[in-house]
Amino acid sequence: MTRVAVVTGGNKGIGFAIVRGLCKKFKGDVYLTARDEGRGLAAVKELEGEGLSPKFHQLDILSGESIKKLGAFLVDKYGGLDVLVNNAGIAFKQDSTAPFSEQAEVTLKSNYTATLNVCKGLFPILRSHARVVHLSSMTSLNALSKCSSALQSSLKNCKTLTDVDELMAKFEKDVKNGVHQANGWANSAYGVSKIGVTVMTPIQQAELDADETRSDLVVNCCCPGYVDTDMTSHKGLKTIDEGAETPLYLALLPPNSTQPRGEYVSEKKVVKWR
Ligand SMILES: NC(=O)c1ccc[n+]([C@@H]2O[C@H](COP(=O)([O-])OP(=O)(O)OC[C@H]3O[C@@H](n4cnc5c(N)ncnc54)[C@H](OP(=O)(O)O)[C@@H]3O)[C@@H](O)[C@H]2O)c1
């Protein structure tokens, strides 16, 4: 049986470096996925130039059809999935002139809803000992601390993914009605989208723990640090390979690791947020 790893948004930035690291350390096939085939194949070629052998599959996390196709391909060729790194994400620039309601809708759709949809599509094919890593952000914890105490309590006490969905939808609705700050939300679409990712992680771990057909499934989220990528307009201080270190550590957690599980991790250390 050949093991297989998938990285979303692997054509550039931190995702590209995670693919590079997995090609060096993961015992199995590594899929660099990208929404744009041209950009994805160019990235594969660059890594081949370094003597590495990533494989390519198209994946637009916003497309249910695209997620379905990848899942069917993995089942057909590998019979399952062993590592999933949910790296793909977006952020509007500080000086964006797009209305905040549009920023909120688009950002939540990509960073929260689409990431969750990838999980819904691919979790059923995870094999025992699979590792899942979500790229969250320290911005999620900053945004959480800026929410009202009532909202912080609601977010920290979400028990189901539906609870998280409802709060994310509430943020979007409050933004549309111009009352999000009055209703206690932090004024950051990106921050709230990543709160969604951080909050869903322990809930997903509990769901995976309850799965009686497979064992030792682990999901964690992390902050890669402040990384020099297009997203940060190259202001980040870490190189992409430095930014990939914590995601790679989580993707490569050895079988039957007891910690971290369902946690938020920064610099390879668990950070408690609730
Ligand atoms: N850089 C930082 O300092 C930092 C800090 C904390 C967290 N993060 C998180 O780390 C992750 C990677 O960030 P980065 O800095 O490497 O960003 P980046 O350089 O902007 O790269 C983002 C990647 O995500 C892909 N992507 C976006 N939407 C997608 C979609 N619908 N389907 C598939 N791929 C999609 C992009 O593809 P295209 O090239 O096609 O657009 C690109 O490959 C993100 O989740 C980000 O929020 C970054």
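The values are calculated or read from the model by the stated rules, or taken from the named source; none is laboratory data. Just so we're clear, the structure is a prediction, and the values are computed from it rather than from any experiment. We place every Cβ from the backbone using ideal geometry, glycine too, and count neighbours over all the protein chains shown. Heads up: the accessible areas ignore ligands, DNA and RNA and are worked out on the full protein's heavy atoms, side chains in. Shrake-Rupley method; radii C 1.70, N 1.55, O 1.52, S 1.80 Å.
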Complete set of residues in segment 155-180 that are within 22 Å of the chain's Cα centre (by Cα) and not hydrophobic (A, V, I, L, M, F, W, C): K156, N157, K159, T160, T162, D163, D165, E166, K170, E172
Taking into account only those residues within segment 188-206 that are in contact with a Lys or Arg (Cβ under 9 Å, 6 or more places away or on another chain) and in contact (Cβ under 8 Å) with a residue 60 or more places away in the chain, which is farthest from C223 (Cα to Cα)? P202
Quick one: how many residues across segment 180-221 are open to solvent by 50 Å² or more (accessible area, probe 1.4 Å) and not polar (S, T, N, Q)? 7
Being more than 8 Å from the ligand (Cβ to nearest atom) and either among the basic types (K, R) or assigned to a strand (DSSP E or B) (or both) is the filter here, so list the residues in segment 205-235 that pass it. R214, V218, V219, N220, C221, C222, K235
In segment 1-25, residue farthest from the ligand (Cβ to nearest atom) [restricted to those that are in a loop (DSSP other than H, G, I, E, B) and surrounded by fewer than 24 Cβ atoms within 10 Å (Cβ to Cβ)]: M1
Do you know which residues across segment 166-179 are touching a residue at least 24 places away in the same chain (Cβ under 8 Å) and not hydrophobic (A, V, I, L, M, F, W, C)? E172, K176
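Among the residues of segment 227-244, write down those that are open to solvent by 20 Å² or more (accessible area, probe 1.4 Å) and not basic (K, R).
We begin by selecting, within segment 227-244, every residue open to solvent by 20 Å² or more (accessible area, probe 1.4 Å); these are 228, 230-235, 237-242.
Selection gives D228, D230, M231, T232, S233, H234, L237, T239, I240, D241, E242.
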All positions within segment 44-83 that are open to solvent by 50 Å² or more (accessible area, probe 1.4 Å), in contact (Cβ under 8 Å) with a residue 40 or more places away in the chain and assigned to a loop (DSSP other than H, G, I, E, B): L62, G79
Over segment 26-43, the set of residues open to solvent by 10 Å² or more (accessible area, probe 1.4 Å) and within 21 Å of L122 (Cβ to Cβ) is F26, K27, G28, D29, R35, D36, E37
Listed by range, helices (runs of 4 or more DSSP H) wholly within segment 95-174 having at least 2 residues that are within 16 Å of the ligand (Cβ to nearest atom), under 30 Å from V83 (Cβ atoms) and of a type in the set (A, V, I, L, M) are 115-122, 138-146
Can you tell me how many residues within segment 26-45 are within 8 Å of the ligand (Cβ to nearest atom) and in contact with a Ser or Thr (Cβ under 8 Å, 6 or more places away or on another chain)? 2
Given the residues P260, P224, P247, which is the only one that is surrounded by 15 or more Cβ atoms within 10 Å (Cβ to Cβ) and touching a Cys at 6+ places or on another chain (Cβ under 8 Å)? P247
Residue pairs qualifying under the 6 Å Cβ cut-off, at least six apart or on distinct chains, with the first in segment 6-18 being under 15 Å from P224 (Cα atoms) and of a type in the set (G, A, S) and the second being open to solvent by 10 Å² or more (accessible area, probe 1.4 Å) and near the ligand (Cβ under 6 Å from one of its atoms), are G9/N87; G9/A88; G13/T229; G15/G9; G15/N87
Matching residues in segment 86-132 (small (G, A, S), farther than 27 Å from L248 by Cβ and open to solvent by 10 Å² or more (accessible area, probe 1.4 Å)) number 3
Show the residue pairs meeting these rules: Cβ distance below 6 Å; 6+ apart or different chains; first residue within segment 98-111 and closer than 23 Å to T8 by Cβ; second residue hydroxyl-bearing (S, T, Y). T107/Y190; T107/S193; L108/S193; N111/S193
